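Chemist: To start, I am sharing the structure in question, which I have written as structure tokens.
The values are calculated or read from the model by the stated rules, or taken from the named source; none is laboratory data. Since the model is a prediction, treat every value here as computed from it, not as a measurement. Backbone-built Cβ (ideal geometry, glycine too); neighbour counts: all protein chains shown.
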Amino acid sequence: MWILGIMILGVSCGVIQAQHAMCRQSDTERCLPSGPLTSFPVTEEELEEACAFYRRFLACIVEYRDKCGFRKIETVYTENGKLDMLIDTHREICQPTTSLHSSFVANLPCFEDIYENDFTLCQERTSSYIHRLHSTLATRKLSSNNSLFRMYDCLFTILHTNCFAVQANERCGSSARNIVLEIIEKLGLVQEDCLEIMYDDVVEAMEILEFLTNEKIYVKKFLERI
């Protein structure tokens, strides 16, 4: 989704829910159109159209969750209130009276450029940084019992989302960067893949990477303990 990439309520599923006609389809079949998805908006009018599109999509996902249970949903992460966070963030971006909407609209051309041109760059950069960290992390005794594999999942999310913030900062300045960081925080993207027990180890790994690459990891602040 474009709001995830500036680029994404546990409900028990009982017998009656599972037998609902809607539940015979996947959430993808039920809620997503068969044609191409809306492209990244570059004007306020296009943003309004995109907002209407995703408003219908999210309403469908909520109905699907309520009738079929959150475990059947595949298109978005719905546990631990994440679906509500997505809905709230979407509403704030799309509501013309919010400061986030105004700031988002002002930076639409910049975000569209990043979304269209930097996705592959960010994937490659993230993979490169993980590779640089591997030899260091593989020989370290972590302070928690988390597996290295799970830690890499966390680091990949952190570094990939941070790349969009870095590109926004380089292309458009600190204002655009701060909007990206605000949306990342509101969506809880970093915390989604990072268990709290591993925060200290992950922050230490990010500090090592900052030293190795001389690149600021802006999203580190979301995991630093107060």
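Chemist: Is it true that V202 is out of contact with any Phe, Trp or Tyr (no Cβ under 7 Å at 6 or more places or on another chain), in a helix (DSSP H, G or I), buried (at least 19 other Cβ atoms within 10 Å of the Cβ) and at pLDDT below 90?
Modeler: Spelling it out, V202 is indeed out of contact with any Phe, Trp or Tyr (no Cβ under 7 Å at 6 or more places or on another chain), in a helix (DSSP H, G or I), buried (at least 19 other Cβ atoms within 10 Å of the Cβ) and at pLDDT below 90.
Chemist: Mind listing just one residue for me: the one in the range 87-122 that is more than 17 Å from the chain's Cα centre (by Cα) and among the polar types (S, T, N, Q) and, of those, surrounded by the most Cβ atoms within 10 Å (Cβ to Cβ)?
Modeler: Residue satisfying both the conditions and the ranking: N107.
Chemist: May I ask you to say which residue of Q167, Q191 is of a type outside the set (K, R) and either more than 18 Å from Y115 (Cα to Cα) or surrounded by fewer than 21 Cβ atoms within 10 Å (Cβ to Cβ) (or both)?
Modeler: None of the others qualify; the one that does is Q191.
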